[in-house]
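Okay, so here's the structure we're looking at.
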Amino acid sequence: MVNSHTVPEIIRHRRQKLAELIDFPAVLWSGGSSSRNFPANTFPFRANSHFLYFAGIPLQNAAIRLERGNLQLFIDDPDPSSTLWHGETPSREEIAAKIGADDARPMSELKDFLADAATVAVQDAPTWTQQSQLLDRWVLPRQLPQGIDLDLAKAIVTLRITHDEAALVELRKASAVSVEAHKAGMAATKKAKLEAEVRAAMEAVIISNNMTTAYTSIVTVHGEILHNGHYYHSLQQGDLLLADVGAETESGWAADITRTWPVSGKFSPTQRDIYDLVLAAHDTCIENIAPGMEYKDIHLIAAMVIAEGLVDLGILRGKPEDLVKMDLHSLFFPHGIGHLLGLDVHDMEDLGDLAGYEEGRKRSDRFGLSYLRLNRPLKPGMLVTIEPGFYQVPAILNNPKTRDQYQYLVNWERLEQFADVRGIRIEDDVLVTEEGCEVLTASLPTKAEEIESLIS
Ligand code: GLY
Ligand code: MN
């Protein structure tokens, strides 16, 4: 059992493990808040995830220097004038005691401790500019790191790719609250007139548990827009509502859940056919998750189940194996089966594909595989999402080239009968265990009848 006293021990252990992987100091910046529309009006602050992993608490405008398992903290004491606006905030010494720092200094002294130090770029521009200036080399958030920065990034990936006990406690909390948020969204749908009302019901659960959303919620009747961030559509009987909403705990750990449900409380026969097909893909993938299994093969299992189902429904023509080889499934399932999940909803994607792809592997240029975010053999302690979907994306399906190329392989007339299915996705968070896997979000039903009864 992890409690507030033992968590720092586990975090100290992370620093020790980093020391076993690198023989140079690492300096990690927390980042600062970004202004919205004028300097004093800022976006909510989110500390850099690599910083959070080793520091354990979301400090702002701070840096930690890690060497041989020791931690030096760099942070300024609060400005006396800030008390008026922000209340009393802890002193440097108090923070140092909390995170178990061996030494604590003002930020102005950081420049004297940077010799031979590696770092990871922080996303906000003032911070990566400061990193670049102080280290006297470019530290850029959208470029693969070089030299010791690359060695540090690889060491961090080695540690963060599987989750320790303290992380799992937090990840389970984020999952549990996200499950309740989805149930609240389903319960709110009957009376709601707008997508925004369902979003509000879902996020209310997250906020009232003192968490934030781990990413911009997707709550939409236009599920075919994969990352739809609008909430103004009205809810009509006959619509499917796709909700991709996940919570993030105070220390930064995320959940990522998608469910799709009928606004009326009852799937139409065509919606039910496709829903059951996506669910079959979801369930078959999860049944196959085990250590040693290639995640790419899990993706291809989903592709095969979808292709088989679409042939059975008369939407595709041909042998499913051939259709998958030709990427026909990806006309309707254009993204990868999922991604790593941890402190980031797409965990460590700030490092490009360094975390998602096993060394030596590169993104495929096949349409059906190019959006695969994870291509590694699975290991116990990895947390991945499984999120198959079916979408009718006008830009893909109405493209004259697509129509021409697949005029026989797709039964376009039959497809028209499924016009009330714009987008369906079913997503759960799956922990790889020694024996197989555990679905952290399993308490949220997936079966169509159970979803219908939660709405009604
Ligand atoms: N939850 C959004 C995504 O996985 O891309
Ligand atoms: Mn996801």
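The values are calculated or read from the model by the stated rules, or taken from the named source; none is laboratory data. Bear in mind the structure is a predicted one, so any value in this text is a computation, not a measurement. Backbone-built Cβ (ideal geometry, glycine too); neighbour counts: all protein chains shown. Note: areas computed on protein heavy atoms with side chains; ligands, DNA, RNA excluded. Shrake-Rupley method; radii C 1.70, N 1.55, O 1.52, S 1.80 Å.
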Sort through Glu203, Glu248 and tell me the only one that's within 16 Å of ligand 2 (Cβ to nearest atom) and of a type in the set (D, E, K, R).
-> Glu248
Regarding Asp273, is this residue closer than 30 Å to Asp297 by Cα and of a type in the set (Asp, Glu)?
-> yes
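The rows are residues; the columns are (1) within 16 Å of Leu59 (Cα to Cα); (2) open to solvent by 10 Å² or more (accessible area, probe 1.4 Å).
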position: Ser91; (1), (2): yes, yes
position: Glu109; (1), (2): no, yes
position: Leu114; (1), (2): no, yes
position: Thr127; (1), (2): yes, yes
position: Ile156; (1), (2): no, no
position: Asp164; (1), (2): no, yes
Would a scan of the range 280-293 turn up a residue that is in contact with a His (Cβ under 8 Å, 6 or more places away or on another chain), closer than 30 Å to Thr249 by Cβ, open to solvent by 10 Å² or more (accessible area, probe 1.4 Å) and away from ligand 1 (no atom under 16 Å from the Cβ)?
-> no
Given (1) loosely packed, with under 14 Cβ neighbours inside 10 Å; (2) within 28 Å of the chain's Cα centre (by Cα), Asn398 misses just (2)
Of the numbered conditions (1) charged (D, E, K, R); (2) part of a helix (DSSP H, G or I); (3) buried (at least 20 other Cβ atoms within 10 Å of the Cβ), Glu180 fails exactly one; give the number of that condition.
-> (3)
Output yes when any residue across the range 196-204 is open to solvent by 10 Å² or more (accessible area, probe 1.4 Å) and part of a strand (DSSP E or B), and no when none is.
-> no
Unmet requirement for Leu73, which otherwise passes all of (1) touching a strand residue (DSSP E or B) at 6+ places or on another chain (Cβ under 8 Å); (2) closer than 20 Å to Asp347 by Cβ | (2)
One residue from Thr441, Thr446 being open to solvent by 20 Å² or more (accessible area, probe 1.4 Å), on the phi < 0 side of the Ramachandran plot and within 16 Å of ligand 2 (Cβ to nearest atom) = Thr446
Restricting the range 330-347 to residues that are over 22 Å from Leu279 (Cβ atoms) and more than 10 Å from ligand 1 (Cβ to nearest atom), which is most open to solvent (accessible area, probe 1.4 Å)?
-> Asp344
For the range 269-289, how many residues are without any contact (Cβ under 8 Å) to a residue 60 or more places away in the chain and either at positive phi or aliphatic (A, V, I, L, M) (or both)?
-> 1
Does the range 250-262 contain at least one residue that is open to solvent by 10 Å² or more (accessible area, probe 1.4 Å), of a type outside the set (Asp, Glu) and closer than 22 Å to Ala174 by Cα?
-> yes
From the list Thr119, Thr42, Thr89, Thr83, pick out the single residue that is of a type in the set (Val, Ile, Thr) and over 27 Å from Ala254 (Cβ atoms).
-> Thr83
Can you name the number of the only condition in (1) hydrophobic (A, V, I, L, M, F, W, C); (2) away from ligand 2 (no atom under 16 Å from the Cβ); (3) over 17 Å from Phe367 (Cα atoms) that Leu340 fails?
-> (2)
Among Pro58, Pro8, Pro44, Pro78, which is the only one that is within 24 Å of Thr158 (Cβ to Cβ) and part of a loop (DSSP other than H, G, I, E, B)?
-> Pro58
Select from the range 348-359 the residues that are part of a loop (DSSP other than H, G, I, E, B), open to solvent by less than 80 Å² (accessible area, probe 1.4 Å) and not aliphatic (A, V, I, L, M) and list them in ascending order.
-> Gly352, Asp353, Gly356, Glu358
Is one or more of the residues making up the range 401-421 within 16 Å of ligand 2 (Cβ to nearest atom) and either at pLDDT below 95 or open to solvent by 30 Å² or more (accessible area, probe 1.4 Å) (or both)?
-> no
Pairs with Cβ under 6 Å, 6+ apart, first in the range 384-404 and under 30 Å from Arg172 (Cβ atoms) and of a type in the set (D, E, K, R), second part of a loop (DSSP other than H, G, I, E, B) and within 16 Å of ligand 1 (Cβ to nearest atom) = Glu387/Gly338
Out of all the residues in the range 265-279, which are crowded, with 23+ Cβ neighbours inside 10 Å and either modelled with pLDDT under 95 or under 16 Å from Asp428 (Cβ atoms) (or both)?
-> Tyr275, Val278
If you check Arg68 against the conditions, is it at pLDDT 95 or above, at negative phi, open to solvent by 10 Å² or more (accessible area, probe 1.4 Å) and of a type outside the set (Phe, Trp, Tyr)?
-> no
Is it the case that the range 371-385 has a residue that's exposed (fewer than 15 other Cβ atoms within 10 Å of the Cβ) and either within 19 Å of the chain's Cα centre (by Cα) or away from ligand 2 (no atom under 16 Å from the Cβ) (or both)?
-> yes
Working only within the range 205-220, note down all residues that are more than 15 Å from ligand 1 (Cβ to nearest atom) and buried (at least 20 other Cβ atoms within 10 Å of the Cβ).
-> Val205, Met211
